[in-house]
Amino acid sequence: MGSAWAVLLGFWVAWPAALHSSGGTAQARARPVSAWREQLYLRDQPEAQAQAALWLLLRDDPNAREIVAQGLQDHTRQDVFQALCQAVAATRDERYAPWLWQALFSAHGAVRSSAADALGRLVGESWVGPLGQLAGDPNHAEQTRIAAVTALKRHASKQAVRCLIEISDSAHGNVRAAALSALAEITGLPFEETAHWRQWWASVASLSEADWQKTRADYLQHRVNRLESDVQRLQGYLLQVYQQLYARSAAPERVVLARTLTRSELPAVRLQGLAWLQEVAADPTLSAWQRRVVLETLLELQYDSNPQVLRELLLALATFPDPASFVAIAHKARVPQAPVRAAALRALGRHPLTLESEDCRRQAIEQVRQALNDTSPAVVAEAIESLAQLERVGQPGSSDFVPLRWALPFFRHISPEVRRAASRVVEKYPHPDMLATLFDAWDDEDSSVRFNAVGAVVRLGQLGLLTDAQKETALKRLEIVLVRDPDAGVRSRAAAAFEDLGTVAHLALLWSQWRGPEDPRVQVRCWAAIKAILARAGQVQLVLHYAQELARLPDLQRRIELLDEVYKKWSKQEVLATNLDPLAVTLVEAQLESKQGPAVLSLARKLLARSKSEEEIRQRLRLLVAAARQAAEQNRLQEALEALQDTDPYLVKDREMAVEIEMLRALLRKGKMP
């Protein structure tokens, strides 16, 4: 019964589309009734019988109605009777209810069961009373009474429940047991005594039929949820067993196990088998025939009905440089399910044959271009990204670069998903001609589109593809984005742009954003931009000014971080070497104040070695002595002694400093702290 109902349900769901289609449906309408009768009486072909029964029920033809009536009255062909019962229930055609009623008295159990099931799904309230009387009448056969109980259970209305309660009170034996079982199935309650059912009925008797059905729908939904949870838990246990078996198997056995899993009825198990096939295929030690077995197994899965399985399958096929996999992917790009089409387009963009064969690449481009007009935003988004991969546009700034101007109209698409895809593509392959569209995209309502559009302009600047005027315009607009954009991620991306493109003129804005009540992500980027601009500017007084501002903050590490980063960058540029000493002096002072370790001692020694005037020598001697004292306080006595040895050549003219250093040395040699 379950499988037959599934067959009929498939035809019934597909019926509205078939009714308005041409070709095969028109041919079916023109088919004579006698041909449908012959198909109805085919043995061992339930799908064909279900199709014929449904067509005969829907034909406005007296001959068709006569064939249906005869089939419902002839109980010798139980397969025909079952197909017709299911079609009658699906179409809700009450003209055939009297023959279903008569079938309740049949000697064939399958006939009674089919008739009761169809009658319960078909008839209205007017049939509930007679069914209740039939079930409660001891003059009828027990099997007939149980069939009437089954019909009441299928009806499941308030009146049917009341009849079942009365039957459970008056009937005995199997009929009473059937009534109690029906009540439990309808309500989900486990009562075994009629008194309990009457007490429960008193609490729900005042409900209207609509409220009763709503209550029952809630119960059924919770039951479905529970059963789905149980199924998922059992699937989890099953997968654990398979995983243990897979872990203990050698490579050839893993291929066989994964192949077995892909033939499971459970989508979760098929997905696991698919994942293992991909894992096995990536093994370089896999033989050629085993790799072929993997590919053939994947190709068998292309007829799977589960969209998630198909999506994973298509991405797996995209790793095989085989024409069969390419053809399978290209075919799936035209199926009705949008998620599958989207996955197929992504797979086309990744397929190895599009790199090896110009014909395959052209075919893929043609199919992807057609998908740009698809009604599904997800499909269009995948088509945009795949087309960018397939067109081989080159790298921005190179002589062979081809701008993706076809992507610009999609910035105005109604779907955010499509606009995001277009912005991702343009960010990867930007061109100065796209600036106007990119600036407009900075006002898009979707934050991801704005984020990518800002990134595209920044990349143009990083590649040196913007003119001075374009760069100035971009920076002015970036200032507005940094201050006003509602999304912290976009503001962070704008702040990062100043790290590469910003000038001294932007320091004040970046400082205010860094010190203000901003999102931490934006503050991090603003701080990085401040350091980058100061290092790029090469103005020592400007760096010292901001170091002085940082000295007023509680976090002294910021000042050291700035000075140290700028010092290291300037050390690598000969043109800035003259600015190093003032910067290094300030850095040593900051490190001494925050009690830095070996770094301050090393830098102080380098400063002393670069001293030129007596004033510089005296200043840097004091810095070195202070660093040595601090090292001694940190129990680094040997380092302090070694550093003080560098002072000997500079102490000839400075007796006061010589005495101080000698006293310090004496203390250090004795192992005492100064």
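The values are calculated or read from the model by the stated rules, or taken from the named source; none is laboratory data. Keep in mind that this is a model prediction, so the values were computed, not measured. Glycine also receives a Cβ, built like all others from the backbone with ideal geometry; neighbour counts cover every protein chain displayed. In case anyone asks, the SASA skips ligands and DNA or RNA and just uses the protein heavy atoms, side chains included. Shrake-Rupley method; radii C 1.70, N 1.55, O 1.52, S 1.80 Å.
Counting only residues that are touching a Gly at 6+ places or on another chain (Cβ under 8 Å) and not charged (D, E, K, R), the stretch 457-501 holds 7 of them.
Scanning the stretch 611-641 for residues that are open to solvent by 80 Å² or more (accessible area, probe 1.4 Å), farther than 23 Å from Arg669 by Cβ and touching a Lys or Arg at 6+ places or on another chain (Cβ under 9 Å) yields one hit, Glu614. When the criteria are applied in full, Val340 meets the requirement of being in a helix (DSSP H, G or I) and touching a Pro at 6+ places or on another chain (Cβ under 8 Å).
You will find that of Arg419, Arg459, Arg450, Arg424, the residue that is in a helix (DSSP H, G or I) and either free of Cβ contacts under 8 Å to residues at least 12 places away in the same chain or under 21 Å from Arg350 (Cβ atoms) (or both) is Arg424 and no other.
When the stretch 82-93 is filtered for residues that are at negative phi and either open to solvent by 10 Å² or more (accessible area, probe 1.4 Å) or touching a residue at least 60 places away in the same chain (Cβ under 8 Å) (or both), the ones remaining, listed by number, are Gln82, Ala83, Gln86, Ala87, Ala90, Thr91, Asp93. Annotation note: of Asp500, Asp555, the sole residue that is among the charged types (D, E, K, R) and touching a helix residue (DSSP H, G or I) at 6+ places or on another chain (Cβ under 7 Å) is Asp500. In the stretch 387-400, the count of residues that are touching a residue at least 60 places away in the same chain (Cβ under 8 Å) and either under 24 Å from Pro432 (Cβ atoms) or assigned to a loop (DSSP other than H, G, I, E, B) (or both) is one or more.
Residue-level check: of (1) open to solvent by less than 60 Å² (accessible area, probe 1.4 Å); (2) part of a helix (DSSP H, G or I); (3) not aromatic (Phe, Trp, Tyr), His331 misses just (1). Scanning the stretch 170-201 for residues that are part of a helix (DSSP H, G or I), under 25 Å from Ala115 (Cα atoms) and open to solvent by 10 Å² or more (accessible area, probe 1.4 Å) gives Ser170, Gly173, Asn174, Arg176, Ala177, Ala178, Leu180, Ser181, Ala184, Glu185, Thr187.
Residues checked against (1) open to solvent by 40 Å² or more (accessible area, probe 1.4 Å); (2) in contact with a Cys (Cβ under 8 Å, 6 or more places away or on another chain); (3) in a helix (DSSP H, G or I):
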site	(1), (2), (3)
Glu66	yes, no, yes
Ala69	no, no, yes
Val80	no, no, yes
Ser106	no, no, no
Gly120	no, no, yes
Gly129	no, yes, yes
Asn139	yes, no, no
Arg145	no, no, yes
Val161	no, no, yes
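Exactly one residue among Ala547, Ala453, Ala469, Ala496 is under 30 Å from Leu408 (Cβ atoms), of a type in the set (A, V, I, L, M, F, W, C) and either open to solvent by less than 10 Å² (accessible area, probe 1.4 Å) or touching a Cys at 6+ places or on another chain (Cβ under 7 Å) (or both), and that residue is Ala453. If Gly173 meets every condition in (1) modelled with pLDDT of 90 or more; (2) touching a helix residue (DSSP H, G or I) at 6+ places or on another chain (Cβ under 8 Å) apart from one, which number is that one? Just one mismatch for Gly173, condition (1).
Evaluation of Glu300 against the conditions (1) open to solvent by 50 Å² or more (accessible area, probe 1.4 Å); (2) at pLDDT below 90 shows that the sole unmet condition is (2).
Among Arg491, Arg484, which is the only one that is more than 20 Å from Met434 (Cα to Cα) and open to solvent by 60 Å² or more (accessible area, probe 1.4 Å)? Reasoning before the result, please.
On the way: Arg491 fails: open to solvent by 60 Å² or more (accessible area, probe 1.4 Å).
None of the others qualify; the one that does is Arg484.
If you go through the stretch 618-625 one residue at a time, do you hit one that is more than 28 Å from Gln557 (Cβ to Cβ) and not acidic (Asp, Glu)? Taking every residue of the stretch 618-625 in turn, at least one turns out to be more than 28 Å from Gln557 (Cβ to Cβ) and not acidic (Asp, Glu).
Of the listed requirements (1) under 27 Å from Glu382 (Cα atoms); (2) open to solvent by 20 Å² or more (accessible area, probe 1.4 Å), Arg477 misses just one: (1).
Selection of the stretch 258-297 for residues being hydrophobic (A, V, I, L, M, F, W, C), more than 27 Å from the chain's Cα centre (by Cα) and either open to solvent by less than 40 Å² (accessible area, probe 1.4 Å) or within 22 Å of Lys332 (Cβ to Cβ) (or both) yields Leu286, Val293. Residue count for the stretch 499-513 under the criterion of being buried (at least 20 other Cβ atoms within 10 Å of the Cβ) and farther than 15 Å from Leu534 by Cα: the result is 1. Taking the stretch 402-450 as the range and being of a type in the set (Val, Ile, Thr), within 17 Å of Leu478 (Cα to Cα) and either surrounded by fewer than 19 Cβ atoms within 10 Å (Cβ to Cβ) or in contact with a Leu (Cβ under 7 Å, 6 or more places away or on another chain) (or both) as the test, only Thr437 passes. Taking (1) part of a helix (DSSP H, G or I); (2) under 23 Å from Leu310 (Cβ atoms) in turn, Asp374 satisfies each apart from (1).
Look at the stretch 221-250: where a residue is surrounded by 10 or more Cβ atoms within 10 Å (Cβ to Cβ) and a partner is at pLDDT below 90 and part of a helix (DSSP H, G or I), sitting 6+ places away or on another chain with Cβ atoms under 8 Å, you get Tyr246/Arg254.
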